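What follows draws every value from the coordinates through simple rules; no lab data is involved. Keep in mind that this is a model prediction, so the values were computed, not measured.
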Amino acid sequence: MRWHDLRHTGAVLAASTGATLAELMARLGHSTAGAALRYQHAAKGRDAEIAASLSALIATPHEGNNR
């Protein structure tokens, strides 16, 4: 195992927790979005989780929300 493999694993795990592109860039020290996008492939599986969270957000009454 190489050092880069450990770094890649950490970045993929961070992406899978929902880290934004900007957060991944900061965590990895990347200056371009293209470099950080390599790790976003892990977030693709979060589609169902994101949809459920959005549904819950809409269904939850919020202060000041007159709907």
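Working from Cα pairs under 8 Å separated by at least six residues, relative contact order for the stretch 3-59 is 34 percent.
The gain in end-to-end length when the Arg7 to Ser53 segment is fully stretched comes to 13.7 nm, 0.36 nm per residue minus the alpha carbon separation. Measuring spread by the Cα atoms of the stretch 3-59 yields a radius of gyration and Dmax of 12.8, 45 Å.
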